Amino acid sequence: MRIVRKAYAYVTRGNHLLIFRHPDFPDAGLQVPGGSINPDETSADAALREAYEETGLTQLRLGVFLGEQQRDLSDFGKAELHHRYFYHVWCEEDTPAKWQHHETDPSDDPIQRPIRFEFFWVALPDGVPPLIAGHDAFLPALIAHLGL
């Protein structure tokens, strides 16, 4: 089984969390920004980079480290074990309630470019729908950190 290091960003603005869907791949479920950690970067740097790349936002600030986990992806037909790092990231700009952005350099599938994402804000703590593949694992830590 291949081990892959991943970093994820819980991007918040006020008491709202940013999540997204893949309009062209509905089976990908609802997710938070994240992706592979490059060999020359820290997990914190990767979380912030992925948040910038996937969302198109420009005014983001790294918050606290929320936790790490290992996630076996065999239930998705992949012989991969993801070592995941989750961070809080503050959004310091005004955004629409919903928008689309194209990631031009996806780490998961370099052949499929660009990938279209549809982003939207959901209310914390009770308005977050189920997220795919454990992306919601550290939401309780985020909610506690924000005092919600």
Exercise for the section: Would you be able to say whether some residue in segment 74-81 is surrounded by 12 or more Cβ atoms within 10 Å (Cβ to Cβ) and touching a residue at least 60 places away in the same chain (Cβ under 8 Å)? Expected result: yes
Exercise for the section: Report yes if D126 is surrounded by fewer than 12 Cβ atoms within 10 Å (Cβ to Cβ) and either of a type in the set (D, E) or assigned to a helix (DSSP H, G or I) (or both), otherwise no. Expected result: yes
Practice task
Evaluate the following for D75: is it under 23 Å from D27 (Cβ atoms), in a helix (DSSP H, G or I), out of contact with any Gly (no Cβ under 6 Å at 6 or more places or on another chain) and not aromatic (F, W, Y)?
Solution key: yes
Problem - Which listed residue, of A47, A51, A9, is of a type in the set (G, A, S), in contact (Cβ under 8 Å) with a residue 12 or more places away in the chain, surrounded by 14 or more Cβ atoms within 10 Å (Cβ to Cβ) and assigned to a strand (DSSP E or B) - result: A9
Practice task
Tell me, yes or no, whether segment 59-68 has at least one residue that is surrounded by fewer than 15 Cβ atoms within 10 Å (Cβ to Cβ) and over 15 Å from Y10 (Cα atoms).
Solution key: no
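None of the figures in this text is laboratory data; all of them are computed from the coordinates on show. For clarity, every value in this text was computed on a predicted model and none was experimentally measured. Every residue, glycine among them, receives a Cβ derived from its backbone with ideal geometry; neighbour counts consider all protein chains shown.
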